[in-house]
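The values are calculated or read from the model by the stated rules, or taken from the named source; none is laboratory data. Given the structure is predicted, the values throughout are model-derived calculations rather than measurements. Glycine also receives a Cβ, built like all others from the backbone with ideal geometry; neighbour counts cover every protein chain displayed.
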């Protein structure tokens, strides 16, 4: 059975739904991240982005940013992946709950400033002003500020690819 019309139109940007659909019975309407040449192209593009994303940032800050953006965008796929990787960076359930609530009080001033910035960048990018940069410049160099943009941009990109294309979680979801 072929994917439903909405999935076909959503997938058409990356190739035909025929290329992206799962062949497993009972999975009609789902797009597969591993099938078809178009999926491979998307994977290669994401690999290229990841190669230089946020190089100057501490791993914890990178994970905080990626996870916060994914929570803002309600992307279950990216949230599940970054819950797992954030554990390796030292984040715990209380951190996840605070991120979900948008409460940055448990983090350092530096982390809180970057989280507030990426939230604004995600929700209202056209409203970013010089004063937003002034806050960041208290804690970060200009190249580091660019690096703050990179995981936020990557998260926003992947959030808009995974859930809309029906790429479900690869492991059981965890509630925050």
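Being modelled with pLDDT of 90 or more and more than 27 Å from residue 55 (Cβ to Cβ): is that true of residue 141 here? Answer is no for this residue. Here residue 169 meets each of (1) more than 17 Å from residue 75 (Cβ to Cβ); (2) at pLDDT below 90 with one exception, condition (1).
Of all residue pairs spaced 6 or more apart or on separate chains, those with beta-carbon atoms under 6 Å, a first member in the stretch 127-151 that is under 21 Å from residue 73 (Cα atoms) and a second member that is not in a helix (DSSP H, G or I) are 147/54; 147/56; 147/57; 150/53; 150/54; 151/53; 151/54.
Going through the stretch 108-118 one residue at a time, which ones are closer than 18 Å to residue 72 by Cβ and either buried (at least 19 other Cβ atoms within 10 Å of the Cβ) or without any contact (Cβ under 8 Å) to a residue 24 or more places away in the chain (or both)? Lay out the reasoning, then the answer.
As a first pass, look at the stretch 108-118 and keep what is closer than 18 Å to residue 72 by Cβ: 111-118.
Correct list: 112, 113, 114, 115, 116, 117, 118.
Within the stretch 124-138, if we keep just the residues that are under 18 Å from residue 152 (Cα atoms) and touching a helix residue (DSSP H, G or I) at 6+ places or on another chain (Cβ under 8 Å), the residue that is surrounded by the most Cβ atoms within 10 Å (Cβ to Cβ) turns out to be 136. Looking only at the stretch 74-106, which residues are touching a residue at least 24 places away in the same chain (Cβ under 8 Å), more than 21 Å from residue 156 (Cβ to Cβ) and assigned to a loop (DSSP other than H, G, I, E, B)? Listed by number, the list holds a single entry, 90. Residue 101 meets all of the listed conditions (1) surrounded by fewer than 19 Cβ atoms within 10 Å (Cβ to Cβ); (2) in contact with a helix residue (DSSP H, G or I) (Cβ under 8 Å, 6 or more places away or on another chain) but one, namely (2).
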